[in-house]
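The values are calculated or read from the model by the stated rules, or taken from the named source; none is laboratory data. Since we're looking at a predicted model, the values are computed, not measured. Note: ideal-geometry Cβ built from the backbone for every residue, glycine included; neighbour counts use all protein chains shown.
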Amino acid sequence: MHIAEGVLSGPVIAAGMAVAGAGTAIGLKQLDFDRIAQTGILSASFFVASLVHVPVGPSSVHLILNGIVGLMLGWAAFPAILVALVLQGILFGFGGITTLGVNTVIMAGPAVICHYLFGFMIPKKPPISLTAAFGCGALSVFFAAIFVGLALVFTQESFIEVSGAVVAANLPVMIIEGIITAFCVAFLKKVQPSLLPGYPG
């Protein structure tokens with residue numbers, strides 16, 4: 001769901017940079033030294049998962065994994081995703097430098113939102129925790145698609161149809177991401193629950 005260069009207006013780009021900068025600052029402040037390796041692994045997972053792109057208008061459809069990144073990192077999802085997006089932009093030309101702030105907000109914003117919506121349910125019994133994990137993975141993609149739509153609409157109202165197409169195209173991705181997130185949470189609860197929210201570190 002990277003937005004390419006030359007699509008967004010100046011005010012939208014500036015707002016994206018400001019929000020991404022604030023989110024990254026908060027994330028770095030909350031990032032413990034003990035979690036740096038975990039953050040790097042999740043950043044790399046995000047980087048690899050979102051390399052395969054299917055173009056949809058000025059954006060694209062691909063796996064994101066921002067749900068599991070946000071669930072495990074909280075605000076630290078901002079610097080983790082920012083680093084991955086910088087590398088994707090430089091190495092592969094995905095997204096762009098001017099749209100880096102907006103693309104970071106599109107990916108990391110929903111990750112943090114879903115962390116607070118679902119994180120407290122992860123330590124509960126499997127029916128609740130797995131449902132919460134699925135919801136986290138699915139809704140993080142849905143919110144990201146909504147954020148893409150808002151960025152396009154605030155740039156130009158004529159993008160409203162393209163925004164709807166972006167949301168619709170990501171519906172299958174939402175289900176896949178929900179399943180992946182639920183599987184990851186189920187696995188981590190068995191082998192190392194301290195990596196998940198609500199468990200002692």
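Out of F120, F159, F187, F183, report the one residue that is part of a helix (DSSP H, G or I) and either closer than 24 Å to V19 by Cβ or among the β-branched types (V, I, T) (or both).
Answer to the selection: F159.
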*What number of residues within segment 83-111 are among the aliphatic types (A, V, I, L, M), within 14 Å of F46 (Cβ to Cβ) and buried (at least 22 other Cβ atoms within 10 Å of the Cβ)?*
6
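Given the criteria among the small types (G, A, S), modelled with pLDDT under 95, surrounded by fewer than 21 Cβ atoms within 10 Å (Cβ to Cβ) and not in a helix (DSSP H, G or I), does G198 qualify? I'd like the intermediate steps shown before the answer.
On the way: among the small types (G, A, S): yes; modelled with pLDDT under 95: yes; surrounded by fewer than 21 Cβ atoms within 10 Å (Cβ to Cβ): yes; not in a helix (DSSP H, G or I): yes.
Criteria met by G198.
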*Considering every residue within segment 164-180, establish whether at least one is within 21 Å of A77 (Cβ to Cβ), assigned to a helix (DSSP H, G or I), of a type in the set (D, E) and out of contact with any Pro (no Cβ under 6 Å at 6 or more places or on another chain).*
yes
